[in-house]
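Scroll down for the structure; my scribbles are underneath it.
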Amino acid sequence: GSGIVHMAGASAALAGVLLLGARKGKYGADGSINAIPGANLPMATLGTFILWLGWFGFNGGSVLATASVESANAVAVVFLNTNAAASGGLIAALIVARFMFGKADLTMALNGALAGLVAITAEPSTPTALQATLFGGLGGVLVVFSILALAKLKIDDPVGAISVHGVVGLLGLLLVPLTNDAS
């Protein structure tokens, strides 16, 4: 999931952003970066929560069965890890944004939740709940710095899709060997 689905989407987003260029007013003549806040943050929050809920079907459906106790337990672990990673990502991004900007930033928190979901999608069944929370937290921290780095590179990604899906998707892939057996 983190490789094929998310990184492919991020590649398409990067191609679109490079083709279309920055939004008018994003960058000043002196090279300064101007924030262009979202027009409807309650709807953005609702959209994030809908994605969060839908992720249970996406990740849980990857188990492909609930006919036995073992497979039902495997789905339950995936559900737990999915939620733990999203929560860890949201909290970590919120804390990092608070320290960096001096105030809580809803858009960073929402992207942190999505980053946690993307990070755990590479392998949601083998980490412990604590590992899943930490993996999501890493994704949440990384997404904040990635969004800021892309802005400095003058890559205008209005919703953070490249950072959430591409950068954190790669992180998710790199974390898989930490919890999977070599056999």
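Nothing in this text is a laboratory measurement; each read-out follows from the coordinates by a stated rule. Keep in mind the model is a prediction, meaning the values are calculated, not measured. Cβ placement follows ideal geometry from the backbone for every residue including glycine, while neighbour counts extend to all protein chains displayed.
Tilt of helix 129-152 relative to the longest C-alpha principal axis of the chain, in degrees (0 to 90, nearest 10)? Roughly 20 degrees, rounded to the nearest 10.
Among the lysines of the chain, pairs at least eight places apart or on separate chains and with Cα atoms under 17 Å apart come to 4. Which FRET efficiency, nearest 0.05, do residue 39 and residue 79 yield, Cβ-Cβ r, R0 30 Å? Result of the calculation: an efficiency of 0.35.
Descending by average beta-carbon neighbour count within 10 Å, the peptides 81-90, 54-63 line up as 81-90, 54-63, the highest first. One chain, two ends: residue 51 and residue 179. Fully extended at 0.36 nm per residue, the span grows by 43.5 nm beyond their Cα-Cα distance.
Calculate how steeply helix 69-101 sits against the longest principal axis of the alpha-carbon atoms of the chain, using the helix alpha-carbon long axis, and give the answer as 0 to 90 degrees to the nearest 10. The helix 69-101 is inclined about 20 degrees to the chain. Could you tell me which residue out of 55, 31, 122 lies farthest along the dipole of the chain toward its positive end? Charges go on the beta carbon: Lys and Arg +1, Asp and Glu -1, centred on the Cα centre. Of 55, 31, 122, it is 31. Tell me the angle of helix 8-20 to the major Cα principal axis of the chain, expressed in degrees between 0 and 90 and rounded to the nearest ten. So the inclination is approximately 10 degrees.
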